[in-house]
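Comments concern the structure below.
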Amino acid sequence: MYPDPILITGAGRRVGLHLAQRLLDDGAQVVAHYRTQTPDIATLQARGVTLVQGDLDSTEGALAVATAVREATPRLRAIVHNASAFTPSADEPHAAAAQYRHFFAVHMLAPWLLNTELAPLLRAAQTTPADIVHITDIFAERPNPQFDLYCSTKAGLENLSLSFAQRYAPQIKVNCIRPGPILFQPSHTPEIRANILAQIPLGHEGGAEPIYRALRALLDNDFITGAALPVDGGRHLAR
Ligand SMILES: NC(=O)c1ccc[n+]([C@@H]2O[C@H](COP(=O)([O-])OP(=O)(O)OC[C@H]3O[C@@H](n4cnc5c(N)ncnc54)[C@H](OP(=O)(O)O)[C@@H]3O)[C@@H](O)[C@H]2O)c1
């Protein structure tokens, strides 16, 4: 397996938690970033995971997370940027502006700061190339107007990913995983779920495991950088 740990942001629930658990199952070491303490965080801790708590909504918060990671490990095999916020765009301008700043902070600025601050740890990895993986969204390329603030910051993250891929080659590969309908949100009504399912050529909600398989595919391939891999059951094909 990988000799150095993999940092996952937003590992306290759902996809991030699954990635952490599956990496552990397969023998990897994990540094798990989380914001909210949950019973699942305690189970990760019991399995030997190094935990780093922090809110990525501010420059200071993201830099504090980077500092805590540096204190925890001298090397990283990969960073997986999974932490994310997802809500429909507000109508009221002040609320929308605050929401936009929040999405920018979590989806773009925090990954930029963490990549920049932690690149030396990736370059120090015992196996090369190391990896940065940004979890984006199929909406980055085919936006949903009701979520324009969310979608445009995920698109910005994909553009940043291309800059980092150029800047950090050849020691570090930088790629995106673009999920589609992986895990419905509690806010998704039965009608919304049925509508989404009708747009998925492969006909079902993906679950988190296909994201793990995509992550492993990127980590284990030393000739892919600057790519964005849809993991969406083909939903990006829907009109
Ligand atoms: N689920 C899907 O079907 C789907 C579809 C397309 C794209 N994606 C992408 O796939 C990734 C995982 O999806 P998911 O559904 O598992 O996401 P999720 O349930 O919304 O979880 C997001 C994670 O990010 C953390 N987070 C949010 N804001 C944060 C902040 N300010 N500082 C630090 N951590 C913060 C959350 O921590 P708390 O527990 O503290 O809130 C949580 O652990 C995300 O990047 C998402 O955009 C998912």
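The values are calculated or read from the model by the stated rules, or taken from the named source; none is laboratory data. From a predicted model like this one, the values you see are computed outputs, not experimental measurements. Glycine gets a Cβ as well: all are built from the backbone with ideal geometry, and neighbour counts include every protein chain shown. The area values use the complete protein model at the heavy-atom level, side chains included, leaving out ligands, DNA and RNA. Shrake-Rupley method; radii C 1.70, N 1.55, O 1.52, S 1.80 Å.
Numbers at a glance
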item	result
Residue ID - surrounded by the most Cβ atoms within 10 Å (Cβ to Cβ), chosen from residues in the range 141-167 that are in contact with a strand residue (DSSP E or B) (Cβ under 6 Å, 6 or more places away or on another chain) and of a type outside the set (S, T, N, Q)	LEU157
Condition check for ALA32: open to solvent by less than 60 Å² (accessible area, probe 1.4 Å), at pLDDT 95 or above and in a loop (DSSP other than H, G, I, E, B)	no
Filter pass, GLY10 being within 12 Å of the ligand (Cβ to nearest atom) and either aliphatic (A, V, I, L, M) or buried (at least 20 other Cβ atoms within 10 Å of the Cβ) (or both)	yes
Residue among PRO179, PRO190, PRO201 that alone is touching a strand residue (DSSP E or B) at 6+ places or on another chain (Cβ under 7 Å) and at negative phi	PRO179
Selected residue (only one of LEU19, LEU76, LEU51 is crowded, with 18+ Cβ neighbours inside 10 Å, in a loop (DSSP other than H, G, I, E, B) and in contact with a strand residue (DSSP E or B) (Cβ under 6 Å, 6 or more places away or on another chain))	LEU76
Answer residue from the range 192-212, given it is out of contact with any helix residue (DSSP H, G or I) (no Cβ under 9 Å at 6 or more places or on another chain) and assigned to a helix (DSSP H, G or I) and is surrounded by the most Cβ atoms within 10 Å (Cβ to Cβ) among those	PRO210
Test: GLY206 is under 18 Å from LEU19 (Cα atoms), modelled with pLDDT of 95 or more and within 13 Å of the ligand (Cβ to nearest atom)	yes
Count - residues of the range 168-187 that are small (Gly, Ala, Ser) and away from the ligand (no atom under 16 Å from the Cβ)	1
Tabulated pairs, the range 8-27, first within 12 Å of LEU183 (Cβ to Cβ), second aromatic (Phe, Trp, Tyr), C-beta under 7 angstrom, 6+ apart or interchain	HIS18/TYR212
Of the criteria (1) open to solvent by 60 Å² or more (accessible area, probe 1.4 Å); (2) of a type outside the set (S, T, N, Q); (3) touching a Leu at 6+ places or on another chain (Cβ under 8 Å), which one ARG101 fails	(3)
Residue within the range 218-233 that is part of a loop (DSSP other than H, G, I, E, B), modelled with pLDDT under 95 and over 16 Å from HIS18 (Cβ atoms) present	no
Residue list for the range 166-185, restricted to those being of a type in the set (Phe, Trp, Tyr) and not in a loop (DSSP other than H, G, I, E, B)	TYR168
Criterion (touching a His at 6+ places or on another chain (Cβ under 9 Å) and either within 13 Å of the ligand (Cβ to nearest atom) or assigned to a loop (DSSP other than H, G, I, E, B) (or both)) met by exactly one of LEU56, LEU109	LEU56
Number of positions in the range 104-146 that are more than 20 Å from GLY16 (Cβ to Cβ) and in contact with a Lys or Arg (Cβ under 6 Å, 6 or more places away or on another chain)	3
Single residue of ALA96, ALA42 found to be part of a helix (DSSP H, G or I), away from the ligand (no atom under 13 Å from the Cβ) and free of Cβ contacts under 8 Å to residues at least 40 places away in the same chain	ALA42
Selected residue (criterion: nearest to the ligand (Cβ to nearest atom)) from residues of the range 191-201 that are touching a residue at least 24 places away in the same chain (Cβ under 8 Å) and more than 23 Å from the chain's Cα centre (by Cα)	GLN199
